[in-house]
Amino acid sequence: MLLRERQKEFLDRTRKALSQNDNTLGIAPTGAVKTILFSHLLWQLIRDDAEKKALVLAHRDELTVQNSDKFKSINKTISTSVINADDKDWSGQGVFAMVQTLSKETNLAQIPYLDFLVID
């Protein structure tokens, strides 16, 4: 997917902020295609290091599935996995989960080291 100039600027500013700070908050309005933006951003951040891991959190199952599907369509070479009621698979470089699932004590105890966390 080709990004518009304002989207490229958002990604550039976010990468710059991440290089200067331990954490960064990126805010985008409805219709800014946030899923596409964070998919591109994570691709740029983890593509060159198979050991890097990113977690994308959402508050509904539908968003977890949507985020995972969009991410996979943009990042065909980055492995993905899902944490949900049925599967607890942390093997992907890009992991997708729902907040409510991870908030259970047994699931919290299984969280590996994460390089990046996206909260959608």
Checklist line | Solvent-accessible area of Ile74 with every protein chain in place, 1.4 Å probe, in Å² to the nearest 10 | finding: 40 Å²
Next item on the list: Would you work out what percent of the accessible area of the chain, with all protein chains in place, is carbon or sulfur (probe 1.4 Å)?
Entry: 51 percent
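Please report, largest first and rounded to whole Å, the three semi-axes of the ellipsoid equivalent to the chain, where each semi-axis is the square root of five times an eigenvalue of the C-alpha gyration tensor.
Rounded to whole Å, the semi-axes are 23, 15, 14.
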Notebook entry, point to check: Are any of the pairs Lys70/Lys104; Lys34/Lys104; Lys53/Lys88; Lys52/Lys88 more than 20 Å apart by Cα-Cα distance, and if so, which?
Noted result: Lys70/Lys104; Lys34/Lys104
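Quick one: compute the contact order of the chain, relative version, from alpha carbon pairs under 8 angstrom and 6+ residues apart, as a percent. Each step should come with its number before you reach the end.
Details: 147 pairs, mean separation 31.3, N = 120.
Answer for the chain is 26 percent.
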Note to self: Helix-only estimate, please: 222 nm mean residue ellipticity of the chain, summing -39500 (n - 2.57) across DSSP H runs of length 4 or more and dividing by its residues, to the nearest 500.
What the structure shows: -12500 deg cm²/dmol
Margin query: Leaving out ligands and nucleic acids, and using a 1.4 Å probe, what accessible area per residue does the chain come to in Å²?
Written below: 64 Å²
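Counting other Cβ atoms within 10 Å of each Cβ, which trypsin sites (Lys or Arg not before Pro) in region 29-120 have at most 15 and sit in a DSSP loop? Before the final figure, lay out the partial values.
On the way: sites: Lys34, Arg47, Lys52, Lys53, Arg60, Lys70, Lys72, Lys76, Lys88, Lys104; in loops: Arg47, Lys52, Lys53, Arg60, Lys76, Lys104.
Here the trypsin sites (Lys or Arg not before Pro) that fit, given the DSSP loop and packing criteria, are Arg47, Arg60, Lys76, Lys104.
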Margin query: Rounded to the nearest 20 debye, what is the charge dipole size of region 1-71 about its Cα centre when +1 sits on each Lys and Arg Cβ and -1 on each Asp and Glu Cβ?
Written below: 220 debye
Check: Between Arg60 and Glu105, how many nm apart are label points set 7 Å from Cα along the C-beta direction?
Finding: 3.1 nm
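What translational diffusion coefficient, in µm²/s and rounded to a whole number, does the Stokes-Einstein relation yield for region 1-45 at 37 °C and a viscosity of 0.692 mPa s, taking the hydrodynamic radius as the Kirkwood radius over Cα pairs?
Details: Rh = 10.9 Å.
Answer, rounded: 302 µm²/s.
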Note to self: Can you pull out the GluC sites (Glu not before Pro) in region 16-119 whose DSSP state is coil and whose Cβ has at most 13 other Cβ atoms within 10 Å?
What the structure shows: Glu51
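The values are calculated or read from the model by the stated rules, or taken from the named source; none is laboratory data. Note that the structure is predicted; figures quoted are calculated from it, not measured. Virtual Cβ from ideal backbone geometry, glycine too; neighbours counted across all protein chains shown. Only protein heavy atoms, including side chains, enter the accessible area calculation; ligands, DNA and RNA are left aside. Shrake-Rupley method; radii C 1.70, N 1.55, O 1.52, S 1.80 Å.
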